[in-house]
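Below is one structure, written out as structure tokens, with a few remarks after it.
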Ligand code: HEM
């Protein structure tokens, strides 16, 4: 039995839920092009996340396998035990303590963005709130001067737009994209930031400086290329995803005024609304792995060398894992964790930060506005991008 679905087709991935349902029931492991398999079941995806000695990250995170020098590879390109070293390095600066320390800054930034709405009846919440906030926060955490954030976020946006235009994932663009002007400018800029710290006798105590000073147990430091690669990935991973979480969560609350009011009156529900948004509207739609030994998954033999797509978008709506899986329901009690932040060794290192940003942002907005409605004529539309779930806009009005 075959069901035609290509997870790389931007048109087919715009509203694929009926097709994904059919895939899950008829061919949970489907081959959609030579050597590429799509896993659609929650259980199979969870297995692939955790069995990294079979489902390896070593083939790279992009659609086309890319040959680049090893130390230019980003952390999500390694398997343990090599991966563990890089993870420890990032954990040193990206951890619960550093995230919590950034909370006052997240709040202040959110308030400043919201202050700009004063006296206005209509705004595009995507452009004016959820898009800028995570870019400012991740830049602050890493150590990028705030006055450079706009230009920095602009380059990343341009890369994402170029990815959509070419029908590839943003990851692919930033890995191979130095032929793109914005990718080159971003690389040069991050390199400058590294150089400034290397040449300073008193560099700021930020992530960049810590990466430069890092020594492993044998006393080896990270090469310049390795530092550059990890920083560029972090800057990208830290905001392309989180901003969509915030937009999609806002969309779900504004769509349902009763729910908006309920969450406004009981802020303990914000956490559940975030988790349910991550499940049903996950900003990351798929991930890639490479099979490094022959393996059987749900009765299908995957030969060594196959590339496997972990269909997060499908697994998150798997009816074997979630009752009424297509329903946005913040009262779920016993369901398994969604797949949107990964599992196992590569579990998203920024997950607590993304949730903190979303929590602060939603609470600040709820404090200020008893009601928000979609602007007249507003229609939910998804950007043309097969790997990221992004609204085209979020135009709202604040009723009197
Ligand atoms: C809603 C927001 C976010 C989503 C949906 C998300 C999603 C993910 C997923 C699915 C993975 C696992 C990748 C894999 O298994 O191959 C991951 C890893 C990662 N994320 Fe996030 N992420 C988010 C926010 C962030 C933020 C704010 C940061 C920055 C602090 C970040 C940094 C990273 C890094 C560095 C990794 C690689 C971890 C590793 O390979 O060990 N992410 N993320």
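The peptide list 155-168, 77-90, put in order of mean Cβ contacts within 10 Å with the highest first, becomes 155-168, 77-90.
So if I take the centroid of the Cα atoms in region 179-243 and the same for region 4-41, what is the distance between those two points in Å? A separation of 37 Å, based on Cα centres.
Each peptide in 195-208, 266-279, 241-254 gets a packing score, the mean of other Cβ atoms within 10 Å over its residues, and the list from highest to lowest is 241-254, 266-279, 195-208.
Peptides 366-374, 210-218, 350-358 ranked from most to least packed give 350-358, 366-374, 210-218, packing being the mean of other C-beta atoms within 10 angstrom over each peptide's residues. Between residue 11 and residue 368, the distance separating the two model label sites (each 7 Å from Cα on the Cα→Cβ line) works out to 4.1 nm. The simple Förster model, with R0 at 51 Å and r as the Cβ-Cβ distance, assigns residue 58 and residue 128 a FRET efficiency of 0.80.
What ranking do 386, 378 get, fewest neighbouring Cβ atoms within 10 angstrom at the top?
In order of increasing Cβ crowding within 10 Å: 378, 386.
Please report the spacing between the Cα centers of region 125-149 and region 366-400 in Å, no decimals. Cα centroid of region 125-149 versus Cα centroid of region 366-400: 20 Å apart. Evaluated on region 160-256, the Kirkwood hydrodynamic radius is 15.7 Å, with distances taken between all distinct Cα atoms. Residue exposure proxy: 398, 55, ordered by other Cβ atoms within 10 angstrom of their Cβ from fewest to most, comes out as 398, 55.
With contributions of -39500 (n - 2.57) from each DSSP H run of at least four residues, the per-residue ellipticity at 222 nm computed over the chain stands at -14000 deg cm²/dmol.
The numbers here are math on the coordinates, done by the rules we state, and not lab data. No experiment lies behind these values; they were computed from the predicted model shown. Heads up, the Cβs are rebuilt from the backbone with ideal geometry, glycines too, and the neighbour counts pull from every protein chain shown.
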